[in-house]
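Below you'll find the structure, written out as structure tokens, and then a few comments.
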Amino acid sequence: MKRIKLLTLTGLLTIFALSINNKAFAHCEIPCGIYGDSLRIEQIREHIVTLEKSMNMIMELSKKENPDYNQLVRWINNKDDHAIQLQDIVSQYFLHQRIKPVDPENKEMHEKYVKHLTLLHELLVYSMKAKQTTDLKYIGKLNETVTKFEKSYFHSHKH
């Protein structure tokens, strides 16, 4: 009887542990036709602000004579998590669902398509750099790039 209870408990704990790692993305890929493009831009901006705050806290804590390593690790993890969430929005939402391939013969639309792909790729790279460092220049690059993308995207899409 003890063995059955132990196996049941182990099974439940395994299922629980596996369910924790499953991410719930902000939007599906069905496609349902319900899009919140402005919301996604706002979420990206919030992630950038959080990255900046995390970088500042990491630098501040690192300068202390006796750093609080627990807090330092928490801010590093926070920074990395928000960079990943930013990347997920760019990839899962914009690249997978919203930016559609365009026939190169349609020169004007193809140029906008390439511009959007380039700006989104820059967001991915700068968020990766933000994970690798505390250099605030990447916060500036993220802010500039999301602004450029927002202007280009909303100028060329009907919402």
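What is the gain in length, in nm to one decimal, between residue 136 and residue 63 on full extension, counting 0.36 nm per residue of separation less the C-alpha to C-alpha distance?
On the way: separation 73, 0.36 × 73 = 26.28 nm, distance 1.63 nm.
The span from residue 136 to residue 63 would gain 24.6 nm if fully extended.
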key: Over the stretch 53-117 - Rg/Rh using Cα atoms and the Kirkwood inverse-distance radius   = 1.34
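Let me know the shape class of the stretch 38-156, please: from the alpha-carbon gyration tensor, a ≥ b ≥ c as square roots of the eigenvalues, rounded when a/c is under 1.5, otherwise prolate if a/b is greater than b/c, or oblate.
Values: a/c = 3.20, a/b = 2.86, b/c = 1.12.
Note, shape of the stretch 38-156 comes out prolate.
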request  = Please give the contour-minus-distance gain from residue 148 to residue 38: 0.36 nm per residue of separation, less the Cα-Cα distance, rounded to one decimal in nm.
outcome  = 38.2 nm
inquiry  = What is the sum of charges, Lys and Arg at +1 and Asp and Glu at -1, for the other residues whose Cβ falls under 15 Å from the Cβ of residue 78?
reply    = -2
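Compute, for the stretch 38-156, the length of the dipole vector about the Cα centre, with Cβ point charges of +1 (Lys, Arg) and -1 (Asp, Glu) only. Units Debye, rounded to 20.
On the way: 18 positive and 17 negative charges, 19 e Å.
Roughly 100 debye for the stretch 38-156.
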request  = Within the stretch 40-127, list the GluC sites (Glu not before Pro) lying in a DSSP loop whose Cβ has at most 16 other Cβ atoms in a 10 Å radius.
outcome  = 65, 105
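For residue 103 and residue 70, what does the FRET efficiency come to when R0 = 41 Å and r is the distance between their Cβ atoms, rounded to the nearest 0.05?
Working: r = 55 Å, r/R0 = 1.33.
Rounded to the nearest 0.05, the efficiency is 0.15.
Every read-out reported here was derived from the displayed coordinates using simple, explicitly stated rules and does not represent laboratory data. Because the structure is a prediction, the values reported are computed rather than measured. Reconstructed Cβ throughout: ideal geometry from the backbone, glycine too, with neighbour counts over all protein chains shown.
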